[in-house]
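Colleague: After the structure tokens below, expect a handful of questions from me.
Bear in mind that the values in this text are calculations on the coordinates, not laboratory data. Predicted model only: the values in this text are computed from it and were never measured. Cβ: placed from backbone, ideal geometry, glycine included. Neighbour counts: every protein chain shown.
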Amino acid sequence: MPGLELPSVQDHSIDWIWNDSPDFNKFRGLDWMKEPCRTCPEKEKDLGGCRCQAFMLTGDATNADPVCSKSPHHQELVDTVEGIGKIAGTPELEERPILFRNMKNSKKIIKGREIELVK
């Protein structure tokens, strides 16, 4: 992401980079969060969503991930996805919910793809 200065392993140990460098710590914890994340009961679980996704879709990595229905940018994302479907002329595509990726649902998604490839 623009603005992040990630240190080189030629200058610092991996341990220092991961644990102590300012930009690797920028989004750890909860203090960086803005509303609606700051007061959301789910913040301990989802940690505000994906910072890269928030940056790419809103231009600000500290915004709530637009995949979250509580994000002020959520409807914009939904409208964009629907618009792409209309442009592509694929109204028959199966609608799937926009969701946060985690280890459990990522494995299900990957497993589903493997099943589709075998068929």
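Colleague: In the neighborhood of G3, defined by Cβ-to-Cβ distances under 10 Å, what is the net charge if each Lys or Arg adds +1 and each Asp or Glu adds -1?
Modeller: Neighbour charge sum, excluding G3 itself: -1.
Colleague: For segment 1-84, what is the Kirkwood estimate of the hydrodynamic radius, computed as the reciprocal of the mean inverse distance between distinct Cα atoms, to one decimal in Å?
Modeller: Here the Kirkwood hydrodynamic radius works out to 14.2 Å.
Colleague: Say each of D23 and E82 gets a label point 7 Å from the Cα, pointing the same way as Cα to Cβ; how far apart are those two points in nm?
Modeller: Using points 7 Å along Cα→Cβ, the separation is 3.8 nm.
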